[in-house]
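Notes for the one structure printed next.
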Amino acid sequence: MKYNLGCGLNPIQGYVNVDYKAWKGVDLVMDLNKEWNIPGDSADEILASHVIEHIDSIEHFMRESHRVLKLDGLIVIRTPFGNSFDAMCDFTHKRPIYPETFGSFFQEDNTLFRTRSLQESDLPKFKYVSSVVVPNWWIMKKPKFIHNLACKFRNYIPNIIQHFEIQMKKV
């Protein structure tokens, strides 16, 4: 099974489309802030596109994702980059989120995100697969070296990066 969490008005064919409201195309109405009504070890893939920034607890979201994913199941999270205007200007966003936000959930230390796995913690563990940052449109029109420099300093200059995607697998 593949789940599209927080699908809103954008259900995807081939996925079980989940949202807190019964919009057209929603297959399962569920509050992601509570225990999920999805059987454990049942999901091959979870897509969470622009939903995690609205969730009360990232830890709860990651625990439930880990519970419902099959071993080696994939979770794809897309969200506004923490210091982008998209992240800051929507009052329904609970907190800014960065790729580094997920570092404590990695099975191994990950120098890419300058984080160390909390091996001794009881947090669910995932294997890092990939991540992509999407620069804002005005950066895309600059020469390649400006683009690379901007991405390197993305945490320090507001609105350089608009969104990001991170992919992880359950271990």
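Side notes on the structure shown:
- Here ALA43 fulfils each of the conditions (1) open to solvent by less than 10 Å² (accessible area, probe 1.4 Å); (2) modelled with pLDDT under 95 apart from (2).
- Yes/no for VAL18 being surrounded by fewer than 17 Cβ atoms within 10 Å (Cβ to Cβ), without any contact (Cβ under 8 Å) to a residue 40 or more places away in the chain and of a type in the set (Val, Ile, Thr): no
- When ILE38, ILE12, ILE52, ILE77 are screened for being closer than 18 Å to MET168 by Cα, of a type in the set (A, V, I, L, M, F, W, C) and in contact with a Lys or Arg (Cβ under 9 Å, 6 or more places away or on another chain), only ILE52 passes.
- Filtering HIS93, HIS60 for residues that are touching an Asp or Glu at 6+ places or on another chain (Cβ under 7 Å) and open to solvent by 10 Å² or more (accessible area, probe 1.4 Å) leaves a single hit, HIS93.
- Number of the exception - ARG63 against (1) assigned to a helix (DSSP H, G or I); (2) modelled with pLDDT under 90: (2)
- Qualifying residue in the stretch 30-39 (condition: without any contact (Cβ under 8 Å) to a residue 24 or more places away in the chain and either open to solvent by 70 Å² or more (accessible area, probe 1.4 Å) or basic (Lys, Arg) (or both)): yes
- If the condition is being farther than 20 Å from ALA87 by Cα and assigned to a strand (DSSP E or B), then the stretch 14-60 contributes VAL16, ASN17, VAL18, ASP19, LEU28, VAL29, ALA43, ASP44, GLU45, ILE46.
The values are calculated or read from the model by the stated rules, or taken from the named source; none is laboratory data. Worth saying up front: this structure is predicted, and the values here are computed from it rather than measured. Cβ sites come from the backbone with ideal geometry, for glycine too, and all protein chains shown count toward neighbours. To get the accessible areas, we keep the full protein, side chains included, count just its heavy atoms, and leave off ligands, DNA and RNA. Shrake-Rupley method; radii C 1.70, N 1.55, O 1.52, S 1.80 Å.
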